[in-house]
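J.: Sharing a structure, written as structure tokens. Questions coming.
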Amino acid sequence: MAGSRMKLELSKVVQGRCRLGQLKEIGRMGQHSLDIPGCLLYTHLGSVPHLTQDTLHTLSSLPTATQVTLSNIAEHQEVLDEFKGGFKTFAGLHDTVLYCSLHDSAAHSPTGHTTNKTVSVWGSGGRTELTVAKFMALQRTVQPDWYQAMADGETWQTGTSRKRVRKSVDRSLAHLDECLMVHQKSQELDGVSVFGVVEGGDILEERLRSARETAKRPVAGFCLDGFQTGAMDQALRSQLIAAVTEELPEDKPRLLQGVGRPDEVLACVEAGVDLFEGFFPFQATERGCALCFRFDVTPDPESAVADEERHAAGETQPNGDLNCDDQTHMTRFEMDLKDKRHQDDFRPLVEGCGCYCCRNHQRAYVHHLLVTNELLAGVLLMIHNTSHYHSFFRAVRDALANDKMDLLRRRVLGTVKE
């Protein structure tokens with residue numbers, strides 16, 4: 001795309017699909033890079049929930065790309081128009097790449113409000129209906145470094161008719177063409193990258209048509225939409241993603257929306273996905289849970305013995321359901337710190353974790369904060385969960401580099417019976 005500098009450099013491709021590399025020259029000045037497979041930093045209006053900017057930047061391994069959503073921003077357009085300095089300056093975000101998506105994957109979006117010319121987003125003030133003209137006006141106001149084109153993504157529900165899915169693909173391609181036309185005429189968006197959206201529900205033919213047609217447009221990358229947890233089982237998701245990525249150019253990134261659970265992330269990396277949204281730590285925090293799944297693949301005899309001892313004592317059996325399709329329910333990759341059994345547990349949330357919470361506090365203290373509804377509970381859990389999750393993505397890259405993906409998968413799934 002004219003003015004876009006974004007460039008993908010692959011250093012390794014495993015089994016024909018798993019891609020290791022860097023997304024380079026991102027940002028308007030091309031000064032940033034992002035490791036892939038990677039994860040975006042999840043925010044509400046530019047702020048990571050529960051954390052101040054100072055607290056956030058005590059964490060290591062933070063990604064260089066921050067995600068904001070039009071569902072949160074649209075109702076504040078008048079204020080941002082008056083400010084004139086773009087959302088990054090408005091929110092006090094520094095030294096980061098700003099990515100603007102349409103919906104917040106951690107929030108429920110009612111369906112049934114899409115037309116041939118509009119899509120709807122839902123914020124705290126209710127519904128905002130967007131035409132392409134209003135959508136692009138918002139992009140000029142936000143001034144992101146890259147954004148997702150407008151698309152009709154309401155076909156993820158099981159049982160959606162083939163006719164409705166076909167209409168979704170047609171609408172999304174028409175919206176993309178209009179977005180690109182306006183984009184190329186907008187001086188405010190010079191140097192900004194656009195990602196086209198691949199739709200198609202669970203119908204292979206429509207997925208392939210959407211991928212092929214979107215790839216013909218001058219986009220910098222691709223958003224794979226409609227694959228979120230609960231939309232379809234993992235086997236079908238992997239099959240469709242693998243088929244779609246075969247139709248996409250190798251030199252452009254693929255961002256998957258709505259998938260964050262560790263086991264699903266690994267399966268989607270193996271199907272050819274490069275980037276993921278980072279909402280999963282926030283969801284776990286809101287449930288009063290700490291992420292506790294293991295992802296270390298370096299042989300350590302002492303820790304292996306300790307793992308066996310904990311397993312024998314029943315301590316490695318977490319709560320939740322691996323196969324739960326409802327994103328509001330606890331998964332098997334986290335522990336419920338509201339549970340009474342933690343009231344006198346004086347261990348850190350995760351042994352060996354170097355985050356501030358695990359270095360300074362115990363499960364019993366966080367349990368106390370949760371049952372007394374103290375705000376500090378959310379702060380400490382978000383510190384740990386954010387650190388743990390982004391360290392997991394670093395482990396995925398290390399495993400790909402060292403041919404240890406099978407070992408990593410076994411380690412991650414070690415919290416459940418395989």
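The values are calculated or read from the model by the stated rules, or taken from the named source; none is laboratory data. Computed from a prediction, not measured in an experiment: that's the story for all the values here. Heads up, the Cβs are rebuilt from the backbone with ideal geometry, glycines too, and the neighbour counts pull from every protein chain shown. SASA here: full protein model, heavy atoms, side chains in, ligands and nucleic acids out. Shrake-Rupley method; radii C 1.70, N 1.55, O 1.52, S 1.80 Å.
J.: Does the stretch 330-340 include one or more residues that are at positive phi, modelled with pLDDT under 95, of a type outside the set (A, V, I, L, M) and out of contact with any strand residue (DSSP E or B) (no Cβ under 8 Å at 6 or more places or on another chain)?
T.: no
J.: Restricting to the stretch 183-208, and then to whatever is in contact (Cβ under 8 Å) with a residue 60 or more places away in the chain and of a type in the set (S, T, N, Q), can you tell me which residue is nearest to VAL265 (Cα to Cα)?
T.: By that ranking, first place goes to SER193.
J.: Take the conditions of a type in the set (A, V, I, L, M), open to solvent by 10 Å² or more (accessible area, probe 1.4 Å) and assigned by the TED database to the domain that holds SER33 and apply them to ALA174. Does it pass?
T.: Judged against the criteria, ALA174 is a match.
J.: For the list (1) in contact (Cβ under 8 Å) with a residue 12 or more places away in the chain; (2) more than 17 Å from TYR147 (Cα to Cα); (3) among the small types (Gly, Ala, Ser), I need the number of the one condition that GLY16 fails.
T.: Here GLY16 meets the rest and fails (1).
J.: Collect the residues in the stretch 226-251 that are charged (D, E, K, R) and part of a loop (DSSP other than H, G, I, E, B), keeping them in residue-number order.
T.: Of everything in the stretch 226-251, those that are charged (D, E, K, R) and part of a loop (DSSP other than H, G, I, E, B) turn out to be ASP233, GLU250, ASP251.
J.: Could you check, for the stretch 283-290, whether at least one of its residues is part of a loop (DSSP other than H, G, I, E, B), open to solvent by less than 10 Å² (accessible area, probe 1.4 Å) and either in contact with a helix residue (DSSP H, G or I) (Cβ under 7 Å, 6 or more places away or on another chain) or in the same structural domain as ASN373 (by the TED database) (or both)?
T.: Checked the stretch 283-290: at least one residue is part of a loop (DSSP other than H, G, I, E, B), open to solvent by less than 10 Å² (accessible area, probe 1.4 Å) and either in contact with a helix residue (DSSP H, G or I) (Cβ under 7 Å, 6 or more places away or on another chain) or in the same structural domain as ASN373 (by the TED database) (or both).
J.: Can you tell me which of ASP403, ASP344, ASP398 is on the phi > 0 side of the Ramachandran plot and open to solvent by 50 Å² or more (accessible area, probe 1.4 Å)?
T.: ASP403
J.: Name every residue in the stretch 254-282 that is of a type in the set (A, V, I, L, M), assigned to a loop (DSSP other than H, G, I, E, B) and either in contact (Cβ under 8 Å) with a residue 40 or more places away in the chain or within 14 Å of SER391 (Cα to Cα) (or both), in order of residue number.
T.: To start, the set of residues in the stretch 254-282 that are of a type in the set (A, V, I, L, M) comprises 255-256, 259, 265-267, 269, 271, 273, 275.
From what's left, assigned to a loop (DSSP other than H, G, I, E, B): 259, 271, 273.
ALA271, VAL273, listed by residue number.
J.: Spot the failing condition for GLN143; the list is (1) crowded, with 16+ Cβ neighbours inside 10 Å; (2) among the polar types (S, T, N, Q); (3) closer than 21 Å to TYR99 by Cβ; (4) in contact (Cβ under 8 Å) with a residue 60 or more places away in the chain, and only one is missed.
T.: (4)
J.: Only one residue in ALA211, ALA243, ALA235, ALA215 is open to solvent by less than 10 Å² (accessible area, probe 1.4 Å), farther than 22 Å from THR69 by Cβ, without any contact (Cβ under 8 Å) to a residue 40 or more places away in the chain and not aromatic (Phe, Trp, Tyr), so which one is that?
T.: ALA211
J.: Still on this structure, please answer the following. Kindly indicate whether any position in the stretch 383-390 is surrounded by fewer than 18 Cβ atoms within 10 Å (Cβ to Cβ) and either under 19 Å from ARG287 (Cβ atoms) or within 28 Å of the chain's Cα centre (by Cα) (or both). Break it down stepwise before answering.
T.: Let us first name the residues in the stretch 383-390 that are surrounded by fewer than 18 Cβ atoms within 10 Å (Cβ to Cβ), namely none.
Among the residues of the stretch 383-390, not one is surrounded by fewer than 18 Cβ atoms within 10 Å (Cβ to Cβ) and either under 19 Å from ARG287 (Cβ atoms) or within 28 Å of the chain's Cα centre (by Cα) (or both), which makes the answer no.
J.: Taking helices (runs of 4 or more DSSP H) that fall entirely within the stretch 11-94, which contain at least 2 residues that are more than 19 Å from the chain's Cα centre (by Cα)?
T.: By residue number, 53-56, 77-83, 87-90.
J.: Let me ask something else. Aliphatic (A, V, I, L, M) and open to solvent by 10 Å² or more (accessible area, probe 1.4 Å) - does that describe any residue in the stretch 95-118?
T.: yes
J.: Can I ask one more? For the stretch 34-45, state whether one or more residues are among the hydroxyl-bearing types (Ser, Thr, Tyr) and open to solvent by 40 Å² or more (accessible area, probe 1.4 Å).
T.: Checking the stretch 34-45: not a single residue is among the hydroxyl-bearing types (Ser, Thr, Tyr) and open to solvent by 40 Å² or more (accessible area, probe 1.4 Å).
J.: Same structure, new question: Just checking, which of ALA133, ALA151, ALA137, ALA91 is on the phi < 0 side of the Ramachandran plot and loosely packed, with under 14 Cβ neighbours inside 10 Å?
T.: Details: ALA151 fails: loosely packed, with under 14 Cβ neighbours inside 10 Å; ALA137 fails: loosely packed, with under 14 Cβ neighbours inside 10 Å; ALA91 fails: loosely packed, with under 14 Cβ neighbours inside 10 Å.
Only one candidate passes the filter, namely ALA133.
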